[in-house]
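The structure appears below as structure tokens.
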Amino acid sequence: QVQLVQSGAEVKKPGASVKVSCKASGYTFTSYYIHWVRQAPGQGLEWMGMINPSGGTTSYPQKFQGRVTMTRDTSTSTVYMELSSLRSEDTAVYYCARDLNSGGAFFCLDYWGQGTLVTVSS
Amino acid sequence: QSALTQPASMSGSPGQSITISCTGTSSDVGYYNYVSWYQQHPGKAPKLMIYDVSNRPSGVSNRFSGSKSGNTASLTISGLQAEDEADYFCTSYTSSSTLVFGGGTKLTVL
């Protein structure tokens, strides 16, 4: 069965960086895009971008360009999301999610990780 | 890219039907048939309920249906059940090649 298992909660100081991992299993890792979505406490969902695990190409919305980096390790079927220059507003649960479509991004997310809470506090 | 507009809250009684709206623009909902709906229970990850406006993934109850007219997409839940009480989010692909979410609707089953 398809599973996305994320790394554990993190506490970071303002200005620091955080790197969250998402290990995939149960399907061909390189066939499906992985997206990252975050949710601030009590708030809605926000798309942070996506990565093609096959070639490693990425796409980020303007809001996060220059501050987010998504990478992958095909040997371990793991995707990483690193967010830099953290501020208090980045406190949120960060989710990885698999795109529904194999071979291209449909921007529809069918399997989700369990979420990783990142707390930014001095 | 502004978030899609959803009602903040809705409520209904068991057995009733409710429709949640999701309003975007001609650059997202109105142009593309890439609208999805997600259900999220407290403390849980979202679950895909509808994709491509009106398609249900395997395993999702046929009480859930989706549609679109112009810049507004809709999720209809028929035969409301207590387990349907959750937050619902819509999404759409945009002309900027990004994904935009709605603000979410908190559904209460009375």
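The values are calculated or read from the model by the stated rules, or taken from the named source; none is laboratory data. Every value quoted in this text rests on a predicted model; they were computed, and no experiment measured them. Every residue, glycine among them, receives a Cβ derived from its backbone with ideal geometry; neighbour counts consider all protein chains shown. Side chains included, ligands, DNA and RNA excluded: accessible areas come from the protein's heavy atoms. Shrake-Rupley method; radii C 1.70, N 1.55, O 1.52, S 1.80 Å.
Evaluate the following for B:Val35: is it of a type outside the set (Asp, Glu), within 12 Å of the chain's Cα centre (by Cα), open to solvent by less than 50 Å² (accessible area, probe 1.4 Å) and over 26 Å from A:Gly42 (Cβ atoms)?
Values: of a type outside the set (Asp, Glu): yes; within 12 Å of the chain's Cα centre (by Cα): yes; open to solvent by less than 50 Å² (accessible area, probe 1.4 Å): yes; over 26 Å from A:Gly42 (Cβ atoms): no.
In short, no.
Against the definition (on the phi < 0 side of the Ramachandran plot, open to solvent by 70 Å² or more (accessible area, probe 1.4 Å) and in contact (Cβ under 8 Å) with a residue 40 or more places away in the chain), how does B:Thr5 come out, yes or no? Steps first, answer last, please.
On the way: on the phi < 0 side of the Ramachandran plot: yes; open to solvent by 70 Å² or more (accessible area, probe 1.4 Å): yes; in contact (Cβ under 8 Å) with a residue 40 or more places away in the chain: yes.
When the stated conditions are applied, B:Thr5 passes them.
Which of the residues that make up segment A:64-101 are at pLDDT below 95 and closer than 27 Å to B:Pro42 by Cβ?
Hit for segment A:64-101 is A:Leu100, nothing else.
Here are some residues: A:Arg67, A:Arg87, A:Arg72. Which one is under 11 Å from the mean Cα position of the chain (by Cα) and of a type in the set (Lys, Arg)? Quick ask: steps written out before the conclusion?
Values: A:Arg67 fails: under 11 Å from the mean Cα position of the chain (by Cα); A:Arg87 fails: under 11 Å from the mean Cα position of the chain (by Cα).
The unique qualifying residue is A:Arg72.
Restricting segment A:23-58 to residues that are aliphatic (A, V, I, L, M) and within 14 Å of another protein chain (Cβ to nearest Cβ), which is surrounded by the fewest Cβ atoms within 10 Å (Cβ to Cβ)? Spell out the reasoning first.
Just the residues of segment A:23-58 that are aliphatic (A, V, I, L, M), to begin with: A:24, A:34, A:37, A:40, A:45, A:48, A:50-51.
If we keep only those that are within 14 Å of another protein chain (Cβ to nearest Cβ) as well, we get A:34, A:37, A:40, A:45, A:48, A:50-51.
Values: A:Ile34: 27, A:Val37: 27, A:Ala40: 13, A:Leu45: 25, A:Met48: 22, A:Met50: 26, A:Ile51: 25.
If we take residues in segment A:23-58 being aliphatic (A, V, I, L, M) and within 14 Å of another protein chain (Cβ to nearest Cβ), then A:Ala40 is surrounded by the fewest Cβ atoms within 10 Å (Cβ to Cβ).
Which one of the conditions (1) more than 23 Å from B:Ser96 (Cβ to Cβ); (2) buried (at least 16 other Cβ atoms within 10 Å of the Cβ); (3) not aliphatic (A, V, I, L, M) does A:Gln1 fail to meet, given that it meets all the rest?
(2)
Could you say which residue among A:Val120, A:Val79 is more than 11 Å from chain B (Cβ to nearest Cβ), surrounded by 15 or more Cβ atoms within 10 Å (Cβ to Cβ) and farther than 14 Å from A:Trp36 by Cα? Step through it out loud before you land on a result.
Numbers: A:Val79 fails: farther than 14 Å from A:Trp36 by Cα.
Just a single option satisfies the conditions, and that option is A:Val120.
Is it true that some residue in segment A:97-111 is open to solvent by 20 Å² or more (accessible area, probe 1.4 Å) and within 23 Å of A:Val11 (Cβ to Cβ)? Give the steps one after another, and end with the answer.
Kept after step one, since they are open to solvent by 20 Å² or more (accessible area, probe 1.4 Å), are these residues of segment A:97-111: A:100-103, A:105-106, A:110-111.
Next, only the ones that are within 23 Å of A:Val11 (Cβ to Cβ) stay: none.
So far as segment A:97-111 goes, no, none of its residues is open to solvent by 20 Å² or more (accessible area, probe 1.4 Å) and within 23 Å of A:Val11 (Cβ to Cβ).
Name the single residue that is nearest to B:Gly15 (Cα to Cα) among those in segment B:96-110 being at pLDDT below 95 and more than 7 Å from chain A (Cβ to nearest Cβ).
By that ranking, first place goes to B:Leu110.
Can you tell me which of B:Thr91, B:Thr72 is within 11 Å of chain A (Cβ to nearest Cβ) and either surrounded by 14 or more Cβ atoms within 10 Å (Cβ to Cβ) or at pLDDT below 95 (or both)?
Details: B:Thr72 fails: within 11 Å of chain A (Cβ to nearest Cβ).
It is B:Thr91.
Give the residues of segment A:95-115 that are within 11 Å of chain B (Cβ to nearest Cβ) and either among the β-branched types (Val, Ile, Thr) or part of a strand (DSSP E or B) (or both), sorted by residue number. Give the steps one after another, and end with the answer.
Kept after step one, since they are within 11 Å of chain B (Cβ to nearest Cβ), are these residues of segment A:95-115: A:95-101, A:105-115.
A:Tyr95, A:Cys96, A:Ala97, A:Arg98, A:Asp99, A:Leu100, A:Asn101, A:Leu109, A:Asp110, A:Tyr111, A:Trp112, listed by residue number.
Out of the residues in segment B:38-51 that are in contact with a strand residue (DSSP E or B) (Cβ under 9 Å, 6 or more places away or on another chain) and open to solvent by 40 Å² or more (accessible area, probe 1.4 Å), which is nearest to A:Gly42 (Cα to Cα)?
This residue is B:Pro42.
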